[in-house]
Amino acid sequence: MFQPSQADVRRFFCATHAKALAGSPMEAIETLASLWIAEHPEYHAELADVDAALARNYDEAPGRTNPFLHLSMHLSISEQCSIDQPRGIRQAVELLAKRLDSLHDAHHAAMDCLGQMLWEAQRVGRAPDGEAYVAQVQRLATRD
């Protein structure tokens, strides 16, 4: 299983941003990442300086969003939807995107659900509950 380090993730997003700006050819995952980067212009300055990105500690800046975590979650949800794993996540996110009239907003809502699932799994020391995660996204997609 591929387990990139924090530095690897930061280098990936910074390099992808640089490639997008230069119009350089990209791998498929870089193209997908560049689409999410484009949706977040507030992160562009941080992505433009790889050395600063590698040195920055977001734990010491309460209330400041970690752009690398945020973009990684967008990629995770995109990948989950592409392979429908956990089963049902694709339909749940699609329904939520339709309800919110925005795939981007649907991803942000799903991120909250994903974060909740991961936090709960760590808190109780068990494997993440994919079914509960999908059910939570479905509830958001179908609530009145």
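In table form, for the structure just shown:
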read-out	value
Nearest 10 degrees, 0 to 90: helix 103-124 Cα axis against the chain principal axis	80
Förster radius 35 Å - calculated FRET efficiency between A127 and A22, Cβ distance, rounded to 0.05	0.25
The chain: angle of helix 67-83 to the longest principal axis, Cα-based, in degrees nearest 10	50
Trypsin sites (Lys or Arg not before Pro) restricted to segment 1-74 and DSSP loop, no more than 12 other C-beta within 10 Å	R64
Positive minus negative residues near A48 (Lys, Arg vs Asp, Glu; Cβ under 15 Å)	0
Nearest 10 degrees, 0 to 90: helix 28-38 Cα axis against the chain principal axis	90
Shape call, segment 1-62: gyration tensor on alpha carbons, a/c limit 1.5	oblate
Around C81: net Lys/Arg minus Asp/Glu count, Cβ-Cβ under 12 Å	-1
Segment 54-82-segment 1-27 distance, computed between alpha-carbon centres (Å)	13
Against the rule of thumb 2.2 N^0.38 Å, how large the Cα Rg of the chain comes out	1.10
For L118, net neighbour charge (Lys/Arg +1, Asp/Glu -1) across residues whose Cβ lies under 14 Å away	-1
Residue-normalised accessible area of the chain, given per residue in Å² at a 1.4 Å probe	61
Dipole moment magnitude, nearest 20 debye, the chain about Cα centre, only Lys, Arg, Asp, Glu C-beta charged	260
Percent carbon-and-sulfur accessible area, segment 43-137, ignoring ligands, DNA and RNA, probe 1.4 Å	49
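The values are calculated or read from the model by the stated rules, or taken from the named source; none is laboratory data. Small disclaimer: the values here were computed from a predicted structure and weren't measured. Neighbour counts run over all protein chains shown; Cβ positions are idealised from the backbone, glycine included. Heads up: the accessible areas ignore ligands, DNA and RNA and are worked out on the full protein's heavy atoms, side chains in. Shrake-Rupley method; radii C 1.70, N 1.55, O 1.52, S 1.80 Å.
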